[in-house]
Every structure is written in structure tokens, then in C-alpha cells.
Amino acid sequence: MTLAADPRHPAALPHWEETPADLADAIREIKPALRARIEASGRSVQEVFAAVEQRIEARIAEIEADRARGEEVWPVLDYDAIAGGTVTPAETAKLRKRGCLVVRGHFPREQALAWDAGIVDYVERNEFFENYTGPGDDFFGSVGSKPEIYPVYWSQAQMQARQSERMATVQSFLNSFWKHTDDDGTRWFDPDRDALYPDRIRRRPPGTDSAGLGTHCDPGTLDLWMTREYQQAFRHLFDGTAEQYDPWDAAHRTTGPQYPGSTMCSAFRTFQGWTALSDMDADQGVLHTVPIPEIMAYLLLRPLLSDVPEDSMCGVRTNQVFPVTKRWHPVLYRALTPIPDVRAGDSVWWHCDMVHSVAPVDNQKGWGNVMYIPAAPWCPRNETYAASVREAFLTGSSPSDFPEEHYERSWTGFRRVPHSAEFRRLTACGALRRWEPAVF
């Protein structure tokens, strides 16, 4: 543990750049330090949290009012409007307020269905089901349907979707909502260059019973309170000026460490996302979010209140996702909202801080197939991770953020040669112009 001096405030914050050896003891140390930092502003923790709670309540009331009027809570935009620059100011404002988006027709339906069929051929040809040994992590293993999350990263379908110009167009559009350059010229990320973060696929067949995934968020765990860079990223929450907190400010998010664990993401993602490979109705075990991007203000200040045990951060621990529970955060469940119906070729996006879950389903109607592809812009943190991604690609290995399953190392249909015909074709048409040094 070291002390971080800040001349603007009399109370220095302890910080741990690596996981503390005694987590409970570190929590007992950081909580009074954070309270003292807040109280140095002349306001109590209770006063600051009350202001945040009022802001969140206002957002929840807006969501409930939209529902009552029969309006769609989630913003929905056509890909052509994004590509053509015809998104209206009202649509832009709604996306900024809700922090999530469905892109209709992101890819042609026929293309998405062909990708889905190609993935089926890829896994069946390589006898994935005969060799599948079960889920490699406890979190996705909890869904109950096996296999649902396929540890497949390097299929031609995934590579083509990640590298396409249509994906680049949407990622750049979403990145533009973030403040990525400070007034002093510090550039926290490049909004027009993506790091090609490789993730898995989900295939859920008709008739599936799935337990879903609990309500949680993904930006980190105890490091959000305990590392210096995150203390700077959330400086307004911890210095009594929570009204100035901007969830779209990337400052300090792209440079700091993150505590390791089986559920961590080494990359900085502006938006998490997936691309639909099948049609999915909103009542068939789909993604739900609390569409309030500033929700981190509520989540990070809540443990500092007096009703939370002094060695607890409302259940947040390392090596697990950040839980959002009815015990500590009941008001947020009022805003939990499913995505609209989506069709093959649509994509779904949500702010990296956003609370989300996957609803359970019994006897699912139709397929529920997606490729996970986020917006992960080029920045110091993502540049570091990209080096390991390149090695994983060349060998067909599972990327280092994921369990060491490595099914694709011996598969046919996996392209190990970086200058394959597919690579040359994509380079020639410009689809790799933003990422050329990143992976290949």
C-alpha cells in the first residue's frame, strides 16, 4: 500500500496497484479514507450520496414514464443513418442519456445467417461437441444449458465481422460519445482505431432451459476503489463533487492496472456489444440493462454508508463479477429493461459501466445466437493486451483473458498464416486500415 498525495485535498488516499494480500483489511482502510476525502469538501457522505440517488431516481422515473407511454426505452438506430450521418439530435441525446443502442441492419440478414451456418460447420467439422469438457469458468457455467458459451474465437465469421468496415463505422460512432482528449491535449484513446478484442460466441438452441446471468457490471472489482488511476477516473465521486461526474469521460481509464481474475477484461471497452446471428424476441432470455450510464456513482458510493459492514463493499470481491443485488441496490431493479426484439444482423451495445443481466428462459422459442464484439479503442491498456492477442491468434489459442481451453489449436479451417488470402483481401479493401499493427 502507498499513499497518493493530492495537493487539492488534505486527505491522501491509500492505493494498492496490485491485489492487496488482506482484502478485508484493505477495505477497512480505504473506506474511512474515502469518507475523509469526501468530507474535506464540506459535505457529508450521506449528502453526496443523496444527491447521486436523486439523480438516479430521476433517470428511473423517466424510464418508467417511457414504459407507461408504450415507448421504447432502448434507443434504436438504423445502420444507414449512422453511416450516412443522419442521426438526429434527439436520437443522439437519447443514446447519451440511456447509454445503450440497438443498430438495425448493422449487417445484412443473409450475411449474419451465413456466418451462423459457417460457425456450425466450423465446430462440427472439428468435433467440438465430442471433445467439449464443460464450461471453463464458473460465471458462464452457471447458465445451466451446455454448451451455451462456445470457447471459439478465431472462426472466419468472427474475424470477418470484427474487421469489417460496417463494424468500424458503428464503433467509431459510439466512441464519439466519449471525451477521449483532455483540454491539455492528453489523448486517452483513438476513437477511430479499434484493438480487435476477441471474444466468444453464444449459441442457444430452441427448447433450451437457461438460468440466465445475474445482475452485475463488468468494469472491475475492488480496483475501482483501490487503484490510483481509478481513484482519478472517479475523482468527482470521491472528492464531494459528484454532480460533476461524467460517465463519458475516459480520463485515467485507459492507463491503470486492474486486479487479475477469471472474470476480468484486460482491455478498455467504451461499449460492450454483440451481433445477432439469429432472430430473438425480447421475452426469450435476452439481455437486460439498467440504462443509466452514470450508475457507477451510485455503486461506488453505496458501500460508504453506515448500514454496510466496514469490511464489505456491498459484496464486491476480486475474481468475481461486480454484483448488483436487491439487498444493497433494490431501487435499480425498477429500471431493469430488456432489449427490443432483434433480428439476425442487428447489433446490441451498452456502456461499459452499465448494469446488465441475462434473463432466464424455459423452453426457448427459436435460436439465441450471438458473436460478442465490443468497441475497444486503441489506447495504452489495449495496446498491451493486443500483443498477447496476436500470439493467441497465430497459434489458435484462447486469449489470455479467457480460460485456457485452446480448442482451436488443432482445428481445420483456422487460419494461422497472418498473410492469408483473406488477410490480403481485407487489407486491399481497407477493412484493416485502422488496426493493421494491432493483431497481425
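The values are calculated or read from the model by the stated rules, or taken from the named source; none is laboratory data. Please read these numbers as outputs of a predicted model, since none were measured by experiment. All Cβ positions, glycine included, derive from the backbone under ideal geometry; neighbour counts span all protein chains shown. Surface areas here come from the heavy atoms of the whole protein model, side chains and all, with no ligands, DNA or RNA. Shrake-Rupley method; radii C 1.70, N 1.55, O 1.52, S 1.80 Å.
When the Cα positions of Ala376, Thr263, Val342 are compared along the charge dipole of segment 243-383, Thr263 comes out farthest toward the positive end, with charges on each C-beta of Lys, Arg, Asp and Glu. Membrane-span-like helices in the chain, defined here as complete DSSP H runs extending at least 30 Å along the helix axis by their C-alpha atoms with mean Kyte-Doolittle hydropathy no lower than 0.5, are absent; this is a sequence and geometry rule, not a statement about a membrane. Among the trypsin sites (Lys or Arg not before Pro) in segment 6-65, those placed in a DSSP loop whose Cβ has at most 14 other Cβ atoms within 10 Å are Arg8.
Using C-alpha pairs below 8 Å separated by at least 6 residues, the relative contact order for segment 54-114 is 35 percent. With contributions of -39500 (n - 2.57) from each DSSP H run of at least four residues, the per-residue ellipticity at 222 nm computed over the chain stands at -9500 deg cm²/dmol.
Candidates Ala33, Ala50, Phe128 compared by Cα position along the dipole of the chain: farthest toward the positive end lies Phe128, with charges placed on Cβ. Shown are Phe129, Phe189, whose ranking by accessible area with a 1.4 Å probe and every protein chain present, most to least, is Phe129, Phe189. Using only the C-alpha atoms, the convex hull of the chain corresponds to 145 Å³ per residue.
Ordered by solvent-accessible area of protein heavy atoms (1.4 Å probe), largest first, the residues Trp367, Trp411 come out as Trp367, Trp411.
Take His106: with every protein chain present and a 1.4 Å probe, its accessible area is about 0 Å².
Among the GluC sites (Glu not before Pro) found in segment 85-138, those both in a DSSP coil and sparsely packed, with 13 or fewer other Cβ atoms within 10 Å of their Cβ, are Glu127.
Which pairs in the list Lys94/Lys326; Lys179/Lys326; Lys97/Lys365 are over 30 Å apart, alpha-carbon to alpha-carbon? Flagged as over cut-off: Lys179/Lys326; Lys97/Lys365.
Excluding ligands, DNA and RNA, what is the solvent-accessible area per residue of the chain at a probe of 1.4 Å, expressed in Å²?
39
For the pair segment 57-113 and segment 146-215, the centres of their Cα atoms are 18 angstrom apart. Shown for the chain: the carbon plus sulfur share of the solvent-accessible area, taken with all protein chains present and a 1.4 angstrom probe, equals 51%. About the centre of its Cα atoms, the chain shows a dipole size close to 520 debye [charges on the beta carbon of Lys, Arg (+1) and Asp, Glu (-1) only; nearest 20 debye]. The charge dipole of segment 127-281, taken about its Cα centre with unit charges on the Cβ of Lys, Arg, Asp and Glu (plus for the first two, minus for the last two), comes to roughly 280 debye.
The trypsin sites (Lys or Arg not before Pro) of segment 291-336 that meet both conditions, a loop assignment by DSSP and at most 12 other Cβ atoms within 10 Å of the site Cβ, are Lys326, Arg327. Here segment 146-202 is treated with +1 on each Lys and Arg Cβ and -1 on each Asp and Glu Cβ, and its dipole about the Cα centre works out to around 420 debye.
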